[in-house]
Amino acid sequence: MNVAVVRFPGSNCDLDAVAAMKDIRGLSPRLVWHESDELKRFDAVVLPGGFSFGDYLRAGSIAARSPAISTIRKMADDGTPILGVCNGFQILVEAGLLPGALLRNSSLKFVCEWVRIKVESRDTPFTRLARKGQVLRMPIAHGEGRYYAPDDQMSELETSHRVVFRYSDERGRAVGEANPTGTSRNIAGISNERGNVVGMMPHPERGCDPVFSPSHSVDGLLIFESMLEASR
């Protein structure tokens, strides 16, 4: 499975994503510059974390107008799996591929820590191998990750099972203490209606090596292994 990892000026998790996927037999990740016309040749796309275009104006707002996004929009319509991580999630929201907005953290501070997220939906290419209710451990690192949508839109996300991940404690409870950024309803990741486009604030690519995890977690691998399984 050929996976494009889109590189924007300011991306800083692109190499992490490539390294994580290279360890999974069957995945062939490659960096693709955001102005390249090669994207349409790939089986899946990952928009990595970082600070695309320096996060000027708003996080992800300039990258959302990049040449890559028009191609990604067509690929999404065709059912291609698209994953946006952290800044990639912000880009997908700014481009209108996912609803809502990502606001400054309620603390108004950059938050960098390991968190737990509960899998709320298996109906995406990136959660195919997870159990509903499974608690995963991954790191976050962002200043604008507080998910927000109007109440009617939020209710629609819930009823259509488009909330994919929710911040939780070790028992899977979406309590306030487990919400690191004040995000609405503890939401850590959502999908589009079809389920093939997913945005998430936690970094699975940084949760694939036990050496760098405080609890030797490799839960991030599940996201990429699910993508491979879905392709089969």
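Among the residues of region 127-143, those that are closer than 19 Å to SER168 by Cα and in a loop (DSSP other than H, G, I, E, B) comprise THR127, ALA130, ARG131, LYS132, GLY133, GLN134. On the stretch given as region 176-226, residues that are over 13 Å from CYS86 (Cβ atoms), part of a helix (DSSP H, G or I) and acidic (Asp, Glu) total 2.
Return only the number of the condition from (1) under 24 Å from LEU97 (Cα atoms); (2) assigned to a loop (DSSP other than H, G, I, E, B) that ASP169 does not satisfy. Of everything listed in (1) under 24 Å from LEU97 (Cα atoms); (2) assigned to a loop (DSSP other than H, G, I, E, B), ASP169 misses just condition (1). Regarding region 194-207, can at least one residue be identified that is surrounded by fewer than 23 Cβ atoms within 10 Å (Cβ to Cβ) and free of Cβ contacts under 8 Å to residues at least 40 places away in the same chain? There is no residue in region 194-207 that is surrounded by fewer than 23 Cβ atoms within 10 Å (Cβ to Cβ) and free of Cβ contacts under 8 Å to residues at least 40 places away in the same chain. Number of residues in region 51-64 that are among the hydroxyl-bearing types (Ser, Thr, Tyr) and either touching a residue at least 12 places away in the same chain (Cβ under 8 Å) or touching an Asp or Glu at 6+ places or on another chain (Cβ under 7 Å) (or both) equals 2.
State which residue is nearest to the chain's Cα centre (by Cα) when the search covers only region 84-93 and only residues that are closer than 15 Å to PHE8 by Cα and of a type outside the set (Gly, Ala, Ser).
VAL85
I'm trying to understand the selection: among the residues of region 139-166, which are closer than 26 Å to SER215 by Cα and either touching a His at 6+ places or on another chain (Cβ under 6 Å) or of a type in the set (Gly, Ala, Ser) (or both)? The answer is PRO139, ALA141, GLY143, GLY145. Any residue at all in region 84-104 that is exposed (fewer than 13 other Cβ atoms within 10 Å of the Cβ), modelled with pLDDT of 95 or more and assigned to a loop (DSSP other than H, G, I, E, B)? Yes, region 84-104 contains a residue that is exposed (fewer than 13 other Cβ atoms within 10 Å of the Cβ), modelled with pLDDT of 95 or more and assigned to a loop (DSSP other than H, G, I, E, B).
Only residues that are touching a Ser or Thr at 6+ places or on another chain (Cβ under 9 Å) and buried (at least 16 other Cβ atoms within 10 Å of the Cβ): list them for region 167-182, please.
Initially, region 167-182 is screened for residues touching a Ser or Thr at 6+ places or on another chain (Cβ under 9 Å), giving 167, 174-175, 178-182.
TYR167, ALA174, ALA178, ASN179, PRO180, THR181, GLY182, listed by residue number.
Does region 119-132 contain at least one residue that is farther than 25 Å from PRO81 by Cα, free of Cβ contacts under 8 Å to residues at least 60 places away in the same chain and more than 15 Å from the chain's Cα centre (by Cα)? There is no residue in region 119-132 that is farther than 25 Å from PRO81 by Cα, free of Cβ contacts under 8 Å to residues at least 60 places away in the same chain and more than 15 Å from the chain's Cα centre (by Cα).
Out of GLY60, GLY79, GLY100, which single residue is of a type in the set (Gly, Ala, Ser) and more than 15 Å from the chain's Cα centre (by Cα)? Working first, answer last.
On the way: GLY60 fails: more than 15 Å from the chain's Cα centre (by Cα); GLY100 fails: more than 15 Å from the chain's Cα centre (by Cα).
Just a single option satisfies the conditions, and that option is GLY79.
The values are calculated or read from the model by the stated rules, or taken from the named source; none is laboratory data. Please read these numbers as outputs of a predicted model, since none were measured by experiment. All Cβ positions, even for glycine, are placed from backbone atoms using ideal geometry, and neighbour counts span all protein chains on display.
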